[in-house]
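Novice: Structure in structure tokens, see below.
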Amino acid sequence: MVLPEDGCLLRIFIGESEKVDGKPLYQRLVEKARTSGLAGATVWRGMMGYGANSRIHTSKILRLSQDLPVIVEIVDTRDKLETFLAEVDPLIKGGLATLEKAQVHFYRSNK
């Protein structure tokens with residue numbers, strides 16, 4: 001797959017404990033990105049954050065059971081990401097999604 005230099009970055013901010021059909025939402029999003037033929041996806045686990053409800057989520061030792069923030073990042077073309085986002089939107093009950101320009105310098109496998 002070749003990505004154009006003018007790519008797009010999709011970031012989906014969700015909670016680690018969010019589930020869809022018993023699986024973590026972030027896992028479902030990555031699996032859907034792969035089956036949709038998107039270039040790649042990465043999941044980042046946050047140490048601390050808050051969202052629309054303004055409740056602090058943290059990994060401090062006394063609060064290990066709290067719902068930590070997770071970011072799913074996917075880079076591809078804007079058209080593909082908008083299609084993907086429309087397909088997964090119903091799965092995301094709470095969170096934030098952003099699209100921004102990304103300049104692709106290279107996209108290659110080491111094989």
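Novice: Determine if segment 26-38 includes at least one residue that is assigned to a loop (DSSP other than H, G, I, E, B), surrounded by fewer than 16 Cβ atoms within 10 Å (Cβ to Cβ) and modelled with pLDDT under 95.
Specialist: No, segment 26-38 contains no residue that is assigned to a loop (DSSP other than H, G, I, E, B), surrounded by fewer than 16 Cβ atoms within 10 Å (Cβ to Cβ) and modelled with pLDDT under 95.
Novice: Which condition breaks for Tyr50 when tested against (1) surrounded by 14 or more Cβ atoms within 10 Å (Cβ to Cβ); (2) at pLDDT below 85; (3) of a type in the set (Phe, Trp, Tyr)?
Specialist: Result: Tyr50 fails condition (1) only.
Novice: If Lys111 satisfies every condition in (1) assigned to a strand (DSSP E or B); (2) more than 11 Å from the chain's Cα centre (by Cα); (3) without any contact (Cβ under 8 Å) to a residue 40 or more places away in the chain but one, which is the exception?
Specialist: Going through the list (1) assigned to a strand (DSSP E or B); (2) more than 11 Å from the chain's Cα centre (by Cα); (3) without any contact (Cβ under 8 Å) to a residue 40 or more places away in the chain, Lys111 breaks only (1).
Novice: Take the residues in segment 68-94 that are surrounded by 16 or more Cβ atoms within 10 Å (Cβ to Cβ) and at pLDDT below 95, then tell me which one is farthest from Lys32 (Cα to Cα).
Specialist: Among residues in segment 68-94 that are surrounded by 16 or more Cβ atoms within 10 Å (Cβ to Cβ) and at pLDDT below 95, the one farthest from Lys32 (Cα to Cα) is Leu68.
Novice: Six or more apart or on different chains, Cβ atoms under 6 Å: show the pairs whose first residue is in segment 7-21 and assigned to a strand (DSSP E or B) and whose second is surrounded by fewer than 17 Cβ atoms within 10 Å (Cβ to Cβ) and small (Gly, Ala, Ser).
Specialist: Ile12/Ala97
Novice: Here's another thing I want to ask about it. What number goes with the only condition from (1) closer than 24 Å to Glu31 by Cβ; (2) of a type outside the set (A, V, I, L, M); (3) at pLDDT below 95; (4) in contact with a strand residue (DSSP E or B) (Cβ under 6 Å, 6 or more places away or on another chain) that Thr58 does not pass?
Specialist: Of everything listed in (1) closer than 24 Å to Glu31 by Cβ; (2) of a type outside the set (A, V, I, L, M); (3) at pLDDT below 95; (4) in contact with a strand residue (DSSP E or B) (Cβ under 6 Å, 6 or more places away or on another chain), Thr58 misses just condition (1).
Novice: Can you name every residue in segment 95-108 that is in a loop (DSSP other than H, G, I, E, B) and surrounded by 10 or more Cβ atoms within 10 Å (Cβ to Cβ)?
Specialist: Matches in segment 95-108: Gly95, Val104, Tyr107.
The values are calculated or read from the model by the stated rules, or taken from the named source; none is laboratory data. Because the structure is predicted, anything quoted here is derived from the model rather than measured. For neighbour counting, all protein chains shown are included, and Cβ atoms are generated from backbone atoms with ideal geometry for every residue, glycine included.
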